[in-house]
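Just so it is clear, none of the values below were taken in a lab; they were calculated from the coordinates. Because the structure is a prediction, the values reported are computed rather than measured. As a convention, Cβ positions derive from the backbone with ideal geometry for all residues, glycine included, and neighbour counts pool all protein chains shown.
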Ligand SMILES: N[C@@H](CCC[C@H](N)C(=O)O)C(=O)O
């Protein structure tokens with residue numbers, strides 16, 4: 001029997017597959033089938049919970065972090081990092097009794113993340129530093145085009161400031177870019193409006209998942225792009241900069257410190273646990289060639 005759990009962080013939702021010894025095959029078709037909201041369990045992505053020592057991509061991190069978040073997007077593709085996913089991953093580790101409140105290290109493809117589980121239900125993640133790759137890029141939806149800021153949070157983001165979040169349209173399809181070859185590895189696109197001092201709202205179209213109700217790495221990218229637009233750089237002023245980021249699924253608080261390290265704080269909830277039907281799971285590859 002294969003156990004699964006379902007959880008979310010500000011409604012960025014995940015199918016969680018506990019697999020300490022890395023014994024469960026998760027080809028892209030299996031991930032896509034699990035994430036299918038009509039024919040599967042449903043989620044924006046999968047959190048495959050594996051001991052670092054048991055996974056070839058994380059074995060070298062086993063001394064620093066016992067657990068590896070093998071994150072997959074909803075279409076089965078692999079991503080370097082998932083900010084909401086790390087919080088939900090830590091909440092699962094706590095629920096399963098693998099860790100207790102306090103500090104936990106989680107291995108990801110984007111390196112080891114320092115996670116703090118607090119008593120009030122919030123979880124803070126050390127997300128590392130942002131880089132802002134050079135390059136003039138525009139993002140278009142329907143007949144509107146905006147300049148975008150490139151921000152890399154371990155994974156790529158393009159942040160566009162808009163007058164109205166409705167201008168991002170349905171986001172059923174990925175936004176278009178110019179130049180068209182700007183993101184050979186694909187990109188997550190954030191649309192941002194101002195809400196007040198240190199406060200913005202955003203929508204996101206995620207690489208490999210479509211529009212989601214929240215994106216942690218995206219919120220960090222938005223905080224950094226907004227700070228630079230506002231002329232606020234903690235490395236220059238020596239003072240941390242904090243933004244409240246409203247997403248369709250809730251609020252994340254992002255702080256960038258003078259050394260460039262970014263912290264993200266938000267909720268993480270486990271909502272269900274169950275067993276995957278063995279015949280269905282075994283048949284996925286033929287059902288979803
Ligand atoms: N929702 C995530 C980001 C997941 C990865 C992203 N779709 C990508 O392909 O880079 C988050 O909370 O950061």
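Taking Rh as the Kirkwood radius computed over C-alpha pairs, what is the Stokes-Einstein D of the stretch 42-102 at 37 °C in a medium of viscosity 0.692 mPa s, expressed in µm² per second?
Details: Rh = 12.2 Å.
In µm²/s, the coefficient is 270.
So how tilted is helix 83-95 from the main axis of the chain? Cα-based, degrees 0 to 90, rounded to 10.
So the inclination is approximately 40 degrees.
State the dimensionless ratio Rg/Rh of the chain (Rg: radius of gyration of Cα atoms; Rh: Kirkwood radius). Spell out each step's value before the answer.
On the way: Rg = 18.5 Å, Rh = 19.2 Å.
Computed over Cα atoms, the ratio is 0.96.
Using 0.36 nm per residue of separation minus the Cα-Cα distance, give me the extension gain between residue 176 and residue 77 in nm, one decimal. Could you put the intermediate results ahead of the total?
Details: separation 99, 0.36 × 99 = 35.64 nm, distance 1.99 nm.
Net length gain for the segment: 33.6 nm.
For each of 123, 41, 270, count neighbouring Cβ atoms within 10 Å of the residue's Cβ, then give the residues from fewest to most.
Values: 123 24, 41 20, 270 17.
Ordered by Cβ neighbours within 10 Å, fewest first: 270, 41, 123.
With Kirkwood's inverse mean 1/r over C-alpha pairs for Rh, give me the Rg to Rh ratio of the stretch 137-266, two decimals please.
Values: Rg = 13.9 Å, Rh = 14.6 Å.
With Rh from the inverse mean 1/r over Cα pairs, Rg/Rh is 0.95.
Of the candidates 237, 108, 124, which one comes out as most mobile in a Gaussian network treatment of the chain with C-alpha springs shorter than 10 Å?
237
What is the angle, in °, between the Cα long axis of helix 216-229 and the longest principal axis of the Cα atoms in the chain? Nearest 10 is fine, range 0 to 90.
Once rounded, the angle reads 10 degrees.
What is the helix-to-structure angle for 278-287, meaning the angle in degrees between its Cα long axis and the longest Cα principal axis of the chain, kept from 0 to 90 and rounded to the nearest 10?
60 degrees
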